[in-house]
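Right, one structure below, let's go through it.
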Amino acid sequence: MTALSIKLPDELAESSRQIARRIGISRSELIRRALVHEIEAVQASLERQAMAQSLRLLAQRPEDLAAAEALDDALSEPLAGEGDEWWNG
């Protein structure tokens, strides 16, 4: 594990200390959890932005859009020999 030294505004430092105490964890654990949460949120946002950009590009090329629609249609078809409720055994 890597140790980091950070500077926090006094108000944030005090709030983090109080919240950590209220939920029964260390301030370090609270900050780790907050950092993981923020990283996951940023990664999800970046993924959504990339998907939106891909869709914008796809819409600009009719041949790609047609191929995507054909793939979607093919993936919606049931597999040969399987009914609509194959998961029920």
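What follows draws every value from the coordinates through simple rules; no lab data is involved. The shown structure was predicted, so the numbers you read here are calculated from the model rather than taken from an experiment.
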* Scaled to the compact-protein estimate 2.2 N^0.38 Å, what is the alpha-carbon radius of gyration of the chain, rounded to two decimal places? -> 1.99
* Where the centroid of each part is defined by its Cα atoms, how far is the range 7-22 from the range 43-64 in Å? -> 40
* Taking Cα atoms, how many degrees apart are the long axis of helix 10-23 and the longest axis of the chain, rounded to 10 and kept between 0 and 90? -> 70
* Asked: What value, in deg cm²/dmol to 500, does the helix sum -39500 (n - 2.57) over DSSP H runs of n ≥ 4 give at 222 nm once divided by the residues of the chain?
  -> -24500 deg cm²/dmol
* Which angle between 0 and 90 degrees, to the nearest 10, do you get for helix 62-76 versus the longest principal axis of the chain when only C-alpha atoms count? -> 90
